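A.B. asks: Below is the structure I would like to discuss, written out as structure tokens.
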Amino acid sequence: MSPPAESADRPAIGPGSHLLVTGGAGFIGSAFVRDILGRRDGTHITVLDKLTYAGNRANLAPVEADPEQAARLRFVEGDIADPVVVGSLTAPVAGGAAPRAVDAIVNFAAESHVDRSILDQEAFLRTGVIGVHVLLEAVRAASRPIRYLQVSTDEVYGSVETGRSVETDPLAPRSPYSAAKAAGELIVRSYVVTYGLDAVVTRGSNTYGPYHHPEKLIPLFVTNAIDDMPLPLYGDGLQERDWLFVSDHAGAIEHVLRNGVAGEIYNIPGSAEMANRDVVAALLERLGKPWSLVRSVPDRPGHDRRYALDGSKLAALGWRNRTSFVEGLATTVDWFRANEPWWRAARSGDWDAYYERQYGSRLSHGEAVAETRAPSEV
């Protein structure tokens, strides 16, 4: 994206600012909220979240249980695709829970699971395309400059057979989820070029950590293994991902929000490129569970073989990840063991119907997988 001219009256995004965090009750968004409010630097955050199955108010419980942090948090249940709701939050305010106008919007809101996007595409388009348009229109209509950060994904590059994706590479999404994210990015770019909006985009690697909804690979396999249930490993399990710990992802997004150049895109790489089956072996070892739980099941349609990001641009901006995969996975596994009520609640409601629809037939055709990996140090 070509950056617009810097505005002299653009608000500084520092301590004491007011952030509108959409999707702030989700996995990465709630980590962002917890980390920033936990610093007690006077920052105020308004969270706008639709509270779908993946948006969980309990993810904000540590903040809401702390009187000082809770006083700087405002929670609004609503849809980013609703212009009335969004407009009411970006208009200037006086007093109350939001003591000043919004300085920045950080858009985490997304339907984010590829498997679900294959089963039901429309929700992904509403949030990832229409919702982004509504947010950008609110920024454009605001009476003062608002910085906008769009949280995107490495999946917009498609499968990367060799090398690492750089920010100028063509977009080649291969699932409804990644296509919606790519479309959202293009809308952001159009508003930067056409209207001169102050916007930046981040593209993050596969993220894991505490509070991760159990539909995703690591929390699904950890929670299944705790219950001695089969672990449905897609295909040969040799799909490669660059794993990014959630606090590193949230920290990198904050760093770009505060320091990124208007109109630019920044990759956020992980700290360990690993095959899925090696990740599974490591988490089983941490849990003390046998490899015999693993079942090879038919792969999902269009499954990308490998993602890999070049993080040089973000490094030049001054960011480095702080958490190794060994440390991050140990923290994650131990958190799920210690927080069983949280993940059992996340696996309630329509979970059984979803799980049967997604994995029932696959597991009926599943096969045992020979372990070919040496034990890790996790």
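The values are calculated or read from the model by the stated rules, or taken from the named source; none is laboratory data. Just so you know, these numbers come straight off a predicted model, no measurement behind them. In this analysis, Cβ positions are derived from the backbone assuming ideal geometry, glycine residues included, and neighbour counts consider all displayed protein chains. The accessibility values were calculated without ligands, DNA or RNA, using every heavy atom of the protein model including side chains. Shrake-Rupley method; radii C 1.70, N 1.55, O 1.52, S 1.80 Å.
A.B. asks: If each residue of separation counts as 0.36 nm, what is the full-extension length gain between residue 122 and residue 370 once their alpha-carbon separation is subtracted? Don't skip to the end; give the middle numbers.
C.D. replies: Working: separation 248, 0.36 × 248 = 89.28 nm, distance 3.87 nm.
Gain in length upon complete extension: 85.4 nm.
A.B. asks: In straight Cα distance, which lysines are under 26 Å from residue 50, not counting same-chain residues fewer than 8 positions off?
C.D. replies: 181, 216
A.B. asks: Where does each of 301-308, 42-49 land if you order them by average Cβ count within 10 Å, highest first?
C.D. replies: In descending order of packing, they fall as 42-49, 301-308.
A.B. asks: Name the long-range amide H neighbours of residue 299: under 5 Å, sequence gap of 5 or more, or other chain; modelled H, no Pro or chain starts.
C.D. replies: Those qualifying (amide H under 5 Å, at least 5 residues apart or on another chain) are 235.
A.B. asks: Additional query: Does anything in segment 224-253 have its amide N under 17 Å from the 7 Å Cα→Cβ label point of residue 159, and if so which residues?
C.D. replies: Residues 234-242 fall inside that zone.
A.B. asks: Of the peptides 28-38, 335-345, how do they stack up when ordered by the mean number of other Cβ atoms within 10 Å, highest first?
C.D. replies: Details: 28-38: 23.5, 335-345: 14.8.
The most tightly packed comes first, giving 28-38, 335-345.
A.B. asks: Normalising by the residue count of segment 97-246, find the relative contact order in percent from Cα pairs under 8 Å and 6+ residues apart.
C.D. replies: 25 percent
A.B. asks: Can you run phi through the Karplus equation (6.51, -1.76, 1.60; θ = phi - 60°) for segment 71-76 and list ³J(HN,Hα) in whole Hz, with x for Gly and Pro?
C.D. replies: For segment 71-76, the Karplus-derived couplings read 5, 9, 10, 10, 10, 10 Hz, x marking Gly and Pro.
A.B. asks: Amide H neighbours of residue 46 under 5 Å, counting only residues 5+ apart in sequence or on other chains, H built in-plane at 1.01 Å?
C.D. replies: Long-range HN contacts for residue 46: 19, 20, 21, 74.
A.B. asks: Over the chain, what is the relative contact order in percent, taking alpha-carbon pairs closer than 8 angstrom and at least six residues apart?
C.D. replies: 17 percent
A.B. asks: Apply the Karplus curve 6.51 cos²θ - 1.76 cosθ + 1.60, θ = phi - 60°, to the phi angles in segment 51-65 and return the couplings in whole Hz, x for Gly and Pro.
C.D. replies: 3J(HN,Hα) across segment 51-65, in whole Hz: 6, 5, 4, 8, x, 10, 4, 5, 5, 9, 4, x, 6, 5, 7.
A.B. asks: Counting only protein heavy atoms and a 1.4 Å probe, tell me what percentage of segment 146-205's accessible area is made up of carbon and sulfur.
C.D. replies: Reported share for carbon and sulfur atoms: 54 percent.
A.B. asks: Per-residue ellipticity at 222 nm for the chain, helices alone: DSSP H runs ≥ 4 residues times -39500 (n - 2.57), over residue total, nearest 500 deg cm²/dmol?
C.D. replies: The per-residue figure over the chain is -10500 deg cm²/dmol.
A.B. asks: Same structure, new question: Using a Gaussian network for the chain with springs between C-alpha atoms less than 10 Å apart, which of these wobbles most: 13, 253, 80?
C.D. replies: Of 13, 253, 80, the Gaussian network model singles out 13 as fluctuating most.
A.B. asks: Okay, moving on. Tabulate in residue order the Karplus-calculated ³J(HN,Hα) for segment 191-200, using 6.51 cos²θ - 1.76 cosθ + 1.60 with θ = phi - 60°, rounded to whole Hz; enter x for Gly and Pro.
C.D. replies: Karplus-based 3J(HN,Hα) across segment 191-200 equals 6, 5, 6, 7, 10, x, 5, 8, 9, 9 Hz.
A.B. asks: How much of the DSSP bridge set in the chain is antiparallel, in percent, rounded to the nearest 5?
C.D. replies: Rounded to the nearest five, the antiparallel share is 15 percent.
A.B. asks: Residues with amide H under 5 Å of residue 152's amide H, sequence separation 5 or more or different chain, H placed in the peptide plane at 1.01 Å from N; which?
C.D. replies: 202, 203, 204
A.B. asks: Where in segment 250-285 is the amide nitrogen less than 12 Å from a point lying 7 Å along the Cα-to-Cβ axis of residue 303?
C.D. replies: Residues passing the 12 Å test: 276-277.
A.B. asks: Pairs of Cα atoms under 8 Å, at least six residues apart: use those to get the relative contact order of segment 204-306, whole percent. The partial results should precede the final answer.
C.D. replies: On the way: 129 pairs, mean separation 44.0, N = 103.
Answer for segment 204-306 is 43 percent.
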